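Student: Just passing along the structure, written as structure tokens.
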Amino acid sequence: MNPLLDHLNAPQLDAVTLPPAHALILAGAGSGKTRVLTTRIAWLISTGQVSPPGVLAVTFTNKAAKEMQTRLAGMLPINVRGMWIGTFHGLCNRLLRAHHRDAGLPQLFQILDSADQQASVKRLLKSLNVDDEKFPPRELCHFINAQKEQGLRAAAVEAWDDWARKRVGLYEAYEAQCQREGVVDFAELLLRSYELLERNEPLRRHYQERFRHILVDEFQDTNKLQYRWLKLLAGGGAHLFCVGDDDQSIYAFRGADVGNMADFEREFKVQNLIRLEQNYRSHGNILDAANAIIKNNPQRLGKNLWTEAGSGEPIRIYESLSDGDEARWIVEEVKALSRDGHARAEIALLYRSNAQSRALEHALFNAGLPYRVYGGLRFFERAEIKHALAYLRLIANTDDDTAFARVVNFPARGIGARSLELLQDAAKAAGSSLHAAIPQVAGAGGVKLAGFAQLIVTLRDAARLPLPELVDHVLELSGLRAHYQNEKEGQERLDNLDELLNAAAGFVAEEGTPNQDGEITGEFGNDLSSFLAHASLEAGEHQAGEGDDALQLMTMHSAKGLEFNVVFISGLEDGLFPHENSLSEDKGLEEERRLMYVAVTRARQRLYLSFAQTRMLHGQTRYNLPSRFLDEVPAELVKWLTPRAGAGGFAVQDPASRSYGSTPRRSEASGGSGFRIGQSVMHAKFGLGVIINAEGSGTDARVQVNFGQAGMKWLALSIAKLEAG
């Protein structure tokens with residue numbers, strides 16, 4: 001047997017040694033898809049079925065492309081550096097470089113990254129005297145890229161009103177500007193490459209005859225134009241070998257179309273559909289949970305993960321009182337895992353929304369545990385948070401030039417570089433702060449600067465408000481909320497701003513103490529100064545250095561492709577995960593379930609699921625129902641770290657200990673009911689139900705029952721059932 005085929009299981013062997021034909025490989029999480037792809041290429045070359053130049057392999061990340069090249073170099077006695085292995089963008093760049101004249105590009109054309117593209121759009125808007133508040137550059141970039149990913153030039157985009165027609169006109173002007181300057185953005189690389197092959201028959205035929213085998217990784221993440229590009233290249237008889245997992249399609253918001261898998265199977269009459277179901281990553285209980293969750297999605301191509309590694313540990317589920325309690329519990333559990341010998345770098349904390357990291361980061365900061373936010377910034381380092389804090393810093397101290405420079409024209413208020421230059425000169429001459437020098441600037445620029453100074457005065461007038469109200473006031477009056485509401489993908493930034501409000505409320509609850517006048521003051525003199533000092537310290541402390549053994553924090557989307565010994569999935573509450581935006585549409589809920597499947601299958605050995613009965617939202621406490629995904633995990637796989645409901649669906653909590661007792665204790669005060677005065681009574685289905693309190697004693701005792709939001713839902717349903725007889 002060929003040594004290349006050693007250590008392959010039966011389905012992997014079948015996939016690698018398929019005769020030349022179209023094939024769709026359904027590769028489950030941790031099933032060795034990279035091994036199959038690289039071994040397939042090595043097998044084709046070593047058996048003489050194709051020469052190295054006849055292979056085209058497409059990946060979705062440069063990291064995956066480099067890993068494939070490294071593995072191939074170890075399998076074959078050839079130089080693999082010249083092979084066409086890379087990302088869609090990388091391969092299209094290579095094609096356009098080789099045929100730049102045919103593509104209508106200069107030989108040394110430059111590529112715009114996302115920041116460059118946004119700067120280019122800003123220049124365009126300024127040159128055309130277009131209001132960038134009505135047409136935000138970031139939003140316009142998303143619009144342009146979305147059209148290109150659909151294969152649409154400006155002339156082909158439908159516009160039904162003046163606003164849409166204006167956007168299409170700006171798209172056309174942007175294309176002309178890029179062509180004039182000899183630059184292309186990422187979306188243009190693929191569209192220009194596709195158009196080149198589509199209209200140039202001799203060139204298309206050359207590449208169709210050259211590439212006899214086309215292999216595609218992460219096929220479920222392809223968009224419409226990428227699939228059309230592949231079909232174009234395969235139109236001359238090449239064999240498509242597509243590897244993907246429809247259960248891990250979680251990038252619809254980026255344009256990924258999971259329907260490409262079914263379309264490929266139908267359009268190419270694929271006879272070879274192979275399922276890689278043996279998992280080499282996770283223990284059996286984790287895989288059984290993942291299988292049980294994802295089976296609730298209809299129209300799957302279908303597979304069932306299994307392992308020879310044994311069942312392993314049960315899945316641990318924890319129910320906390322609040323998001324703060326959830327974070328503190330996670331920290332204590334991480335400490336215990338660390339004491340037991342688990343490396344912190346092999347422990348991941350996953351969450352649905354970036355904003356959720358704030359409570360976790362705060363608990364880690366207080367515990368002195370180093371952590372790293374993977375694929376993103378720490379909470380207090382995020383741009384929108386730094387903008388909001390800059391306004392708060394100006395309220396505390398108008399002479400803070402760093403804060404002033406950050407927000408004097410953000411959101412945009414027409415204060416240009418020339419006005420700022422005049423202001424800096426005036427401040428230098430007077431030996432004053434930028435704010436103090438504003439009256440020295442004349443003309444239109446001076447008027448706009450004076451308007452900003454008046455805004456700061458207005459904000460300072462609200463400085464005696466309680467801290468959470470002050471933060472809310474600043475977010476509204478500064479225009480930050482309105483600015484991000486106008487962005488297509490501004491919701492995440494708005495969520496972070498709301499989380500800043502929660503941070504302020506939490507800070508007052510934890511750190512604030514009333515003075516003799518009843519005002520809340522902090523360690524540094526007052527709420528605002530204390531909070532700003534806290535934000536600065538928390539932003540700078542416990543930043544894990546390169547190579548440090550640090551906890552990994554990330555969104556579930558960022559976790560795709562990664563794996564860890566221990567995984568915590570937090571915030572499992574309906575409305576948060578699955579996200580409330582997905583609940584009104586079936587496809588949205590299906591994608592959320594696929595995201596849950598991806599999150600669960602990141603764990604090798606131990607998996608924790610947690611949710612909170614209450615969570616801070618917009619500075620207010622919100623009562624939550626447990627995520628429906630928890631109900632989809634079979635009970636026999638689960639170990640609850642908090643007890644489940646007994647008779648009547650209720651579990652009882654002792655508020656003094658803030659943890660559940662093993663069983664409800666009966667007492668004379670409870671009349672034998674199993675409930676005690678002062679307890680929180682939790683309903684298994686409806687989350688927070690009631691809090692029972694009492695006044696007086698004996699026959700004069702009065703019992704007060706306080707229903708939370710979820711408890712009110714339960715009560716309303718109960719009354720409706722009674723009225724219905």
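The values are calculated or read from the model by the stated rules, or taken from the named source; none is laboratory data. Given the structure is predicted, the values throughout are model-derived calculations rather than measurements. Because the Cβ atoms are built from the backbone with ideal geometry, glycine has one as well, and the counts that use them run over all protein chains shown. These area figures cover heavy atoms from the full protein model, side chains too; ligands, DNA and RNA do not enter into them. Shrake-Rupley method; radii C 1.70, N 1.55, O 1.52, S 1.80 Å.
Student: For the range 1-29 and the range 573-591, what is the separation of their Cα centres, given in Å?
Tutor: Result: 36 Å between the Cα centres.
Student: At a threshold of 8 angstrom on Cα-Cα distance, excluding pairs fewer than six apart, so keeping six or more, what relative contact order does the range 37-130 reach in percent?
Tutor: 23 percent.
Student: Roughly speaking, what is the stretch gain from LEU128 to LEU477, that is 0.36 nm per residue apart minus the C-alpha to C-alpha distance, in nm to one decimal?
Tutor: Fully extending the segment from LEU128 to LEU477 adds 122.7 nm.
Student: Got a sec? Which residues in the range 421-465 would a label at ASP399 touch, if it sits 7 Å along Cα→Cβ and we count backbone N under 11 Å?
Tutor: 432-434, 436
Student: Another question, if that's okay. Sorted by packing (mean other beta-carbon atoms within 10 Å per residue), highest first, where do 435-443, 234-242 land?
Tutor: Descending packing order for the listed peptides: 234-242, 435-443.
Student: Let me ask another. So, in nm, how far is label ASP549 from label GLU585 when the simple model puts each one 7 Å beyond its Cα toward the Cβ?
Tutor: It is 4.6 nm.
Student: Between GLN440 and HIS142, what FRET efficiency follows from the Cβ-Cβ distance if R0 is 56 Å, with the result rounded to 0.05?
Tutor: The formula returns an efficiency of 0.85 here.
Student: Let me ask something additional. Residues of the range 46-164: accessible area per residue at 1.4 Å, in Å²?
Tutor: Here the residues of the range 46-164 average 54 Å² of exposed surface.
Student: A further question follows. Step by step: find N for the range 429-494, compute 2.2 N^0.38 Å, then divide the Cα radius of gyration by it. What's the final number?
Tutor: Here the Cα radius of gyration is 1.41 times the empirical estimate.
Student: State the percentage of accessible surface on the range 401-452 attributable to carbon and sulfur atoms; use a 1.4 Å probe and exclude ligands, DNA and RNA.
Tutor: 57
Student: A further question follows. For SER627, which sequence-distant residues (separation of 5 or more, or a different chain) have an amide H within less than 5 Å of its own amide H, given hydrogens modelled in the peptide plane?
Tutor: Amide H neighbours of SER627: GLU573, ASP574.
Student: Using only the alpha carbons, work out the radius of gyration and Dmax of the range 238-359 in angstrom.
Tutor: Just the Cα atoms of the range 238-359 yield Rg and Dmax of 19.2, 58 Å.
Student: Another question, then. How large is the dipole of the range 160-282 about the Cα centre if only Lys and Arg carry +1 and Asp and Glu carry -1, each at its Cβ, rounded to the nearest 20 debye?
Tutor: 400
Student: At a probe radius of 1.4 Å, what is the per-residue accessible area of ASP6, in Å² to the nearest 10?
Tutor: 80
Student: Around GLU573, with a cut-off of 12 angstrom between Cβ atoms, what is the net charge of the other residues, counting Lys and Arg +1 and Asp and Glu -1?
Tutor: Taking every Cβ under 12 Å from that of GLU573, the sum is -1.
Student: Quick one: work out Rg over Rh on the C-alpha atoms of the range 1-82, Rh as Kirkwood radius.
Tutor: Over the Cα atoms of the range 1-82, Rg/Rh equals 0.92.
Student: So if I take the centroid of the Cα atoms in the range 121-156 and the same for the range 623-640, what is the distance between those two points in Å?
Tutor: 44
Student: Name the lysines eligible as straight-distance cross-link partners of LYS428: C-alpha to C-alpha under 22 Å, and not fewer than 8 places from it in the same chain.
Tutor: Excluding near neighbours in sequence, the set is LYS448.
Student: When the scattering of the range 186-284 is computed by the Debye formula from its Cα atoms alone, each counted once and equally, what is log10 I(q)/I(0) at q = 0.10, 0.11, 0.24 Å⁻¹?
Tutor: Treating every Cα as an identical point scatterer, log10 I(q)/I(0) equals -0.32, -0.39, -1.36.
Student: At a 1.4 Å probe radius, carbon and sulfur cover how many percent of the accessible area of the range 202-347?
Tutor: C and S fraction of accessible area: 45 percent.
Student: What accessible area, in Å² to the nearest ten, does a 1.4 Å probe give for MET68?
Tutor: It works out to around 10 Å².
Student: Cα-based Rg of the range 553-625 per 2.2 N^0.38 Å, rounded to two decimals?
Tutor: Normalised Rg, Cα atoms only: 1.18.
Student: Here's a follow-up. Could you give the distance between the Cα centres of the range 236-265 and the range 56-88, to the whole Å?
Tutor: Cα centres, the range 236-265 to the range 56-88: 20 Å.
Student: Taking the alpha-carbon distance from LYS166 and a cut-off under 13 Å, which aspartates and glutamates remain once sequence neighbours fewer than 8 residues away in the same chain are dropped?
Tutor: Straight-distance partners of LYS166: ASP131, ASP132, GLU158.
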